[in-house]
Amino acid sequence: MDFTITLSNDDWDRSKGGWRCPALQIPTVKVKNVYVDGTAVDEKLYDVNTALLLIRWSQPTHPRQAAVHLQVDKALSTEELTQRWKKLAIVLPVLGSVAAALITAVFKDTPKTPSASPTTGKKDIAKIFERSNDFLATGDRQQFPSLLKQAKREAWFVGTTFYISVDQYHDVILSKLAAGVDLNFLVLSPNGDAISKVAHLLGVAEKELASDCLTGIRILGRTVEEAKAAHYPGTLQVRIIDEPVQTRLYFFDPKADEGYVYFIPQMNGTNSQTLPGFLVENSVADYHSTYFTGVLRMWNDSGTKSLEAWTAAHPELK
(Lines give C-alpha, C1' and ligand atoms only; values in the text may rest on other atoms or scores of the structure.)
Protein backbone atom coordinates (compact mmCIF):
# COMPACT_ATOMS: atom_id res chain seq x y z
CA MET A 1 0.00 0.00 0.00
CA ASP A 2 1.42 3.38 -1.03
CA PHE A 3 0.34 6.86 -0.01
CA THR A 4 1.78 10.37 0.08
CA ILE A 5 1.56 13.01 2.82
CA THR A 6 2.61 16.65 2.79
CA LEU A 7 4.80 18.00 5.59
CA SER A 8 5.03 21.76 6.14
CA ASN A 9 6.38 24.28 8.62
CA ASP A 10 3.44 23.40 10.87
CA ASP A 11 5.00 19.93 11.27
CA TRP A 12 8.56 21.19 11.82
CA ASP A 13 10.15 20.54 15.23
CA ARG A 14 12.83 23.20 15.71
CA SER A 15 14.40 21.54 18.71
CA LYS A 16 14.96 18.27 16.83
CA GLY A 17 15.63 19.72 13.38
CA GLY A 18 13.04 17.67 11.52
CA TRP A 19 9.42 17.16 10.53
CA ARG A 20 7.13 15.33 12.93
CA CYS A 21 5.70 12.36 11.00
CA PRO A 22 3.29 10.30 13.14
CA ALA A 23 2.56 8.05 10.13
CA LEU A 24 5.88 6.36 10.95
CA GLN A 25 3.99 4.55 13.73
CA ILE A 26 2.29 2.36 11.12
CA PRO A 27 3.79 -1.16 11.24
CA THR A 28 6.29 -1.92 8.40
CA VAL A 29 5.97 1.60 6.95
CA LYS A 30 8.94 2.82 4.88
CA VAL A 31 9.84 6.18 3.37
CA LYS A 32 10.30 5.57 -0.35
CA ASN A 33 11.01 9.14 -1.47
CA VAL A 34 10.93 12.73 -0.27
CA TYR A 35 9.93 15.35 -2.85
CA VAL A 36 10.87 19.03 -2.66
CA ASP A 37 9.69 21.42 -5.37
CA GLY A 38 8.31 18.41 -7.22
CA THR A 39 11.65 16.57 -7.42
CA ALA A 40 12.81 13.55 -5.43
CA VAL A 41 15.76 14.59 -3.26
CA ASP A 42 18.92 12.65 -2.52
CA GLU A 43 18.55 10.27 0.44
CA LYS A 44 21.62 11.90 1.99
CA LEU A 45 19.61 15.07 2.59
CA TYR A 46 17.26 13.48 5.10
CA ASP A 47 17.25 10.88 7.84
CA VAL A 48 14.24 8.86 8.99
CA ASN A 49 14.06 8.27 12.74
CA THR A 50 11.14 5.92 13.43
CA ALA A 51 11.80 5.93 17.16
CA LEU A 52 11.21 9.68 17.35
CA LEU A 53 8.62 9.69 14.52
CA LEU A 54 10.80 12.26 12.81
CA ILE A 55 12.25 12.99 9.37
CA ARG A 56 15.36 15.08 9.90
CA TRP A 57 16.80 17.44 7.29
CA SER A 58 20.59 17.45 7.06
CA GLN A 59 21.06 20.95 5.62
CA PRO A 60 21.11 24.17 7.72
CA THR A 61 17.98 25.51 5.99
CA HIS A 62 15.01 23.20 5.53
CA PRO A 63 12.41 23.44 2.73
CA ARG A 64 9.11 25.02 3.77
CA GLN A 65 7.31 21.87 2.64
CA ALA A 66 7.99 18.36 1.42
CA ALA A 67 5.89 15.53 0.02
CA VAL A 68 6.74 12.15 1.54
CA HIS A 69 5.97 8.94 -0.35
CA LEU A 70 5.32 6.15 2.16
CA GLN A 71 4.89 2.42 1.60
CA VAL A 72 3.37 -0.15 3.95
CA ASP A 73 4.59 -3.69 3.25
CA LYS A 74 2.40 -5.59 5.69
CA ALA A 75 -1.36 -5.80 5.18
CA LEU A 76 -2.94 -4.82 8.49
CA SER A 77 -5.87 -6.70 9.93
CA THR A 78 -9.12 -4.81 10.51
CA GLU A 79 -8.64 -4.83 14.30
CA GLU A 80 -4.98 -3.87 14.10
CA LEU A 81 -5.69 -1.03 11.69
CA THR A 82 -8.57 0.30 13.77
CA GLN A 83 -6.66 0.22 17.06
CA ARG A 84 -3.57 1.79 15.53
CA TRP A 85 -5.47 4.75 14.11
CA LYS A 86 -7.62 5.17 17.22
CA LYS A 87 -4.43 5.84 19.16
CA LEU A 88 -3.16 8.26 16.52
CA ALA A 89 -6.50 10.04 16.34
CA ILE A 90 -6.42 10.71 20.09
CA VAL A 91 -2.86 12.04 20.15
CA LEU A 92 -2.55 13.44 16.64
CA PRO A 93 -5.86 14.55 15.15
CA VAL A 94 -4.10 16.36 12.31
CA LEU A 95 -3.56 13.00 10.63
CA GLY A 96 -7.24 12.13 10.47
CA SER A 97 -7.24 12.51 6.71
CA VAL A 98 -4.28 10.14 6.35
CA ALA A 99 -6.03 7.59 8.53
CA ALA A 100 -9.13 7.88 6.40
CA ALA A 101 -7.09 7.32 3.25
CA LEU A 102 -5.51 4.17 4.66
CA ILE A 103 -8.77 2.75 5.98
CA THR A 104 -10.46 3.46 2.66
CA ALA A 105 -7.65 1.68 0.81
CA VAL A 106 -8.04 -1.42 3.00
CA PHE A 107 -11.82 -1.54 2.62
CA LYS A 108 -11.96 -0.32 -0.98
CA ASP A 109 -13.76 -3.48 -2.16
CA THR A 110 -16.44 -3.26 0.54
CA PRO A 111 -19.85 -2.24 -0.89
CA LYS A 112 -20.97 1.20 0.25
CA THR A 113 -24.41 2.76 0.39
CA PRO A 114 -24.31 6.47 -0.47
CA SER A 115 -25.95 8.81 2.01
CA ALA A 116 -28.93 10.78 0.77
CA SER A 117 -30.18 14.26 1.39
CA PRO A 118 -33.60 14.31 3.09
CA THR A 119 -34.78 17.11 0.80
CA THR A 120 -33.39 16.18 -2.61
CA GLY A 121 -32.55 12.46 -2.40
CA LYS A 122 -29.10 13.19 -3.84
CA LYS A 123 -25.78 11.99 -2.50
CA ASP A 124 -23.80 14.29 -0.27
CA ILE A 125 -20.29 15.52 -1.09
CA ALA A 126 -18.28 12.48 -2.17
CA LYS A 127 -15.36 13.29 0.12
CA ILE A 128 -13.90 16.10 2.20
CA PHE A 129 -10.13 16.34 2.60
CA GLU A 130 -9.29 18.22 5.81
CA ARG A 131 -5.92 19.20 4.30
CA SER A 132 -6.40 19.81 0.60
CA ASN A 133 -3.06 18.38 -0.56
CA ASP A 134 -3.97 14.96 0.87
CA PHE A 135 -6.06 14.69 -2.31
CA LEU A 136 -2.75 14.11 -4.14
CA ALA A 137 -1.99 10.96 -2.14
CA THR A 138 -2.31 7.44 -3.53
CA GLY A 139 -4.34 4.54 -2.19
CA ASP A 140 -7.92 5.81 -2.61
CA ARG A 141 -10.16 5.64 -5.67
CA GLN A 142 -11.37 9.18 -4.85
CA GLN A 143 -7.94 10.80 -4.93
CA PHE A 144 -6.01 12.51 -7.71
CA PRO A 145 -4.08 9.61 -9.29
CA SER A 146 -7.09 7.29 -9.36
CA LEU A 147 -9.46 9.93 -10.75
CA LEU A 148 -6.93 10.89 -13.42
CA LYS A 149 -6.57 7.25 -14.44
CA GLN A 150 -10.39 6.97 -14.64
CA ALA A 151 -10.76 10.05 -16.88
CA LYS A 152 -12.05 9.05 -20.32
CA ARG A 153 -12.12 12.28 -22.32
CA GLU A 154 -10.47 15.26 -20.65
CA ALA A 155 -9.21 16.77 -17.41
CA TRP A 156 -8.67 20.42 -16.45
CA PHE A 157 -6.49 21.81 -13.67
CA VAL A 158 -6.70 25.43 -12.51
CA GLY A 159 -4.52 26.94 -9.80
CA THR A 160 -1.36 28.77 -8.88
CA THR A 161 0.98 25.86 -9.63
CA PHE A 162 0.91 22.07 -9.92
CA TYR A 163 4.63 21.50 -9.51
CA ILE A 164 4.22 18.56 -7.11
CA SER A 165 1.53 16.59 -8.95
CA VAL A 166 2.88 17.05 -12.49
CA ASP A 167 6.27 15.70 -11.42
CA GLN A 168 5.08 12.95 -9.10
CA TYR A 169 2.48 11.67 -11.58
CA HIS A 170 4.46 12.33 -14.74
CA ASP A 171 4.04 8.74 -16.00
CA VAL A 172 0.28 8.75 -15.36
CA ILE A 173 -0.06 12.00 -17.31
CA LEU A 174 1.82 10.54 -20.28
CA SER A 175 -0.25 7.34 -20.15
CA LYS A 176 -3.50 9.34 -20.32
CA LEU A 177 -2.18 11.34 -23.29
CA ALA A 178 -1.23 8.04 -24.93
CA ALA A 179 -4.82 6.86 -24.37
CA GLY A 180 -6.18 9.95 -26.14
CA VAL A 181 -7.29 11.92 -23.07
CA ASP A 182 -6.80 15.70 -23.34
CA LEU A 183 -5.20 17.46 -20.34
CA ASN A 184 -5.38 21.21 -19.74
CA PHE A 185 -3.50 23.29 -17.16
CA LEU A 186 -4.22 26.95 -16.34
CA VAL A 187 -1.46 28.24 -14.03
CA LEU A 188 -0.15 31.52 -12.64
CA SER A 189 2.63 33.49 -14.30
CA PRO A 190 5.73 33.50 -12.06
CA ASN A 191 6.84 36.95 -13.19
CA GLY A 192 3.62 38.86 -13.81
CA ASP A 193 1.88 41.61 -11.87
CA ALA A 194 -0.35 39.19 -9.96
CA ILE A 195 2.37 37.11 -8.26
CA SER A 196 2.81 39.47 -5.30
CA LYS A 197 -0.93 39.70 -4.66
CA VAL A 198 -1.36 35.92 -4.88
CA ALA A 199 1.57 35.39 -2.48
CA HIS A 200 -0.17 37.67 0.02
CA LEU A 201 -3.48 35.86 -0.46
CA LEU A 202 -1.81 32.49 0.14
CA GLY A 203 0.29 33.67 3.07
CA VAL A 204 3.61 32.68 1.44
CA ALA A 205 6.76 34.52 0.37
CA GLU A 206 6.62 35.97 -3.13
CA LYS A 207 10.05 34.62 -4.09
CA GLU A 208 9.14 31.08 -3.01
CA LEU A 209 5.81 31.19 -4.82
CA ALA A 210 7.45 32.45 -8.03
CA SER A 211 9.99 29.61 -7.80
CA ASP A 212 7.22 27.02 -7.34
CA CYS A 213 5.27 28.43 -10.31
CA LEU A 214 8.34 28.40 -12.55
CA THR A 215 9.20 24.84 -11.50
CA GLY A 216 5.72 23.67 -12.44
CA ILE A 217 5.82 25.44 -15.82
CA ARG A 218 9.21 23.93 -16.65
CA ILE A 219 8.01 20.41 -15.80
CA LEU A 220 4.89 20.90 -17.90
CA GLY A 221 7.01 22.24 -20.77
CA ARG A 222 9.21 19.14 -20.75
CA THR A 223 6.14 16.91 -20.60
CA VAL A 224 4.59 18.71 -23.60
CA GLU A 225 7.75 18.04 -25.61
CA GLU A 226 7.76 14.37 -24.59
CA ALA A 227 4.14 13.95 -25.66
CA LYS A 228 4.75 15.65 -29.00
CA ALA A 229 7.80 13.51 -29.71
CA ALA A 230 5.78 10.37 -28.99
CA HIS A 231 2.88 11.56 -31.21
CA TYR A 232 0.31 10.80 -28.53
CA PRO A 233 -3.33 11.27 -29.63
CA GLY A 234 -4.20 13.21 -26.47
CA THR A 235 -3.16 16.86 -26.22
CA LEU A 236 -1.47 18.59 -23.28
CA GLN A 237 -2.28 22.29 -23.28
CA VAL A 238 -0.85 24.81 -20.82
CA ARG A 239 -1.90 28.43 -20.52
CA ILE A 240 -0.44 31.09 -18.23
CA ILE A 241 -2.66 33.58 -16.44
CA ASP A 242 -1.62 36.83 -14.76
CA GLU A 243 -4.47 37.40 -12.34
CA PRO A 244 -5.35 35.95 -8.93
CA VAL A 245 -7.28 32.68 -8.95
CA GLN A 246 -9.51 32.49 -5.87
CA THR A 247 -10.27 28.78 -6.06
CA ARG A 248 -8.10 25.79 -6.92
CA LEU A 249 -9.98 23.44 -9.27
CA TYR A 250 -9.56 19.95 -10.70
CA PHE A 251 -12.06 18.73 -13.31
CA PHE A 252 -12.19 15.08 -14.41
CA ASP A 253 -14.49 14.70 -17.45
CA PRO A 254 -16.37 17.95 -16.70
CA LYS A 255 -18.98 17.33 -19.42
CA ALA A 256 -19.92 13.84 -18.20
CA ASP A 257 -22.26 12.93 -15.34
CA GLU A 258 -19.78 10.35 -14.05
CA GLY A 259 -17.02 12.97 -13.87
CA TYR A 260 -15.80 14.75 -10.74
CA VAL A 261 -14.80 18.23 -9.64
CA TYR A 262 -12.42 18.90 -6.73
CA PHE A 263 -12.28 22.44 -5.43
CA ILE A 264 -10.45 24.33 -2.68
CA PRO A 265 -11.96 27.70 -1.73
CA GLN A 266 -9.23 30.14 -0.72
CA MET A 267 -8.98 32.17 2.49
CA ASN A 268 -6.92 35.35 2.40
CA GLY A 269 -3.54 35.05 4.09
CA THR A 270 -3.84 31.27 4.44
CA ASN A 271 -1.83 28.61 2.63
CA SER A 272 -4.34 26.54 0.63
CA GLN A 273 -2.59 23.32 1.70
CA THR A 274 -3.89 23.83 5.23
CA LEU A 275 -7.47 24.38 4.03
CA PRO A 276 -10.03 21.65 3.25
CA GLY A 277 -10.84 20.45 -0.25
CA PHE A 278 -14.19 19.13 -1.51
CA LEU A 279 -14.72 16.35 -4.07
CA VAL A 280 -18.13 16.08 -5.75
CA GLU A 281 -19.53 13.93 -8.54
CA ASN A 282 -20.91 15.94 -11.48
CA SER A 283 -24.25 14.12 -11.43
CA VAL A 284 -25.10 15.50 -7.98
CA ALA A 285 -23.45 18.91 -8.33
CA ASP A 286 -25.26 21.04 -10.89
CA TYR A 287 -23.03 23.97 -9.95
CA HIS A 288 -19.93 22.27 -11.39
CA SER A 289 -20.92 23.61 -14.84
CA THR A 290 -20.89 27.16 -13.46
CA TYR A 291 -17.31 26.69 -12.28
CA PHE A 292 -16.29 25.13 -15.58
CA THR A 293 -17.86 27.96 -17.60
CA GLY A 294 -15.84 30.42 -15.52
CA VAL A 295 -12.66 28.46 -16.19
CA LEU A 296 -13.29 28.51 -19.94
CA ARG A 297 -13.77 32.26 -19.74
CA MET A 298 -10.37 32.67 -18.05
CA TRP A 299 -8.80 30.19 -20.48
CA ASN A 300 -9.97 32.17 -23.53
CA ASP A 301 -9.28 35.63 -22.08
CA SER A 302 -7.03 37.78 -24.27
CA GLY A 303 -4.62 38.30 -21.38
CA THR A 304 -4.06 34.56 -20.91
CA LYS A 305 -1.03 33.29 -22.84
CA SER A 306 -0.25 29.88 -24.26
CA LEU A 307 2.84 28.16 -22.87
CA GLU A 308 4.55 28.61 -26.24
CA ALA A 309 3.82 32.36 -26.39
CA TRP A 310 4.85 32.89 -22.76
CA THR A 311 8.11 30.96 -23.22
CA ALA A 312 8.93 32.87 -26.40
CA ALA A 313 8.44 36.16 -24.51
CA HIS A 314 10.64 34.97 -21.60
CA PRO A 315 13.40 32.77 -23.06
CA GLU A 316 15.57 33.42 -20.01
CA LEU A 317 13.07 31.49 -17.86
CA LYS A 318 12.81 28.45 -20.08
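General remarks:
- Other residues within the sphere of radius under 10 Å centred on the Cβ of residue 3, judged by their own Cβ, net out at -3 (K and R +1, D and E -1).
- Per residue, the accessible area of the range 203-318 comes to 49 Å², computed with a 1.4 Å probe over protein heavy atoms only.
- The modelled label-to-label distance between residue 196 and residue 141, using points 7 Å beyond Cα along the C-beta direction, is 5.0 nm.
- Of all accessible heavy-atom area on the range 140-189, the percent that carbon and sulfur account for (1.4 Å): 45 percent
- Other-chain or far-sequence residues with amide H under 5 Å of residue 266's (modelled H): 248
- Net length gained if the chain between residue 205 and residue 299 were fully extended (0.36 nm per residue, minus Cα distance): 31.2 nm
- In order along the range 25-40, phi translates into HN-Hα couplings of 6, 5, x, 6, 5, 9, 8, 7, 8, 10, 10, 10, 6, x, 10, 5 Hz, rounded to whole numbers, per the Karplus curve 6.51 cos²θ - 1.76 cosθ + 1.60 with θ = phi - 60° and x for Gly and Pro.
- For the range 279-289, 3J(HN,Hα) computed residue by residue from phi via the Karplus equation (6.51, -1.76, 1.60; θ = phi - 60°) reads 10, 9, 7, 4, 5, 10, 9, 4, 6, 4, 5 Hz, glycine and proline entered as x.
- Proximal aspartates and glutamates relative to residue 255, as straight alpha-carbon distance under 16 Å, when same-chain residues fewer than 8 apart are discounted: 154, 182, 281, 286
- Judged by the mean number of other Cβ atoms found within 10 Å, the most tightly packed of the peptides 158-171, 232-245 leads the ranking 158-171, 232-245.
The values are calculated or read from the model by the stated rules, or taken from the named source; none is laboratory data. Because the structure is a prediction, the values reported are computed rather than measured. Cβ atoms come from the backbone with ideal geometry, glycine included; neighbour counts cover every protein chain shown. Quick note on the areas: whole protein, heavy atoms, side chains included, nothing else; ligands and nucleic acids left out. Shrake-Rupley method; radii C 1.70, N 1.55, O 1.52, S 1.80 Å.
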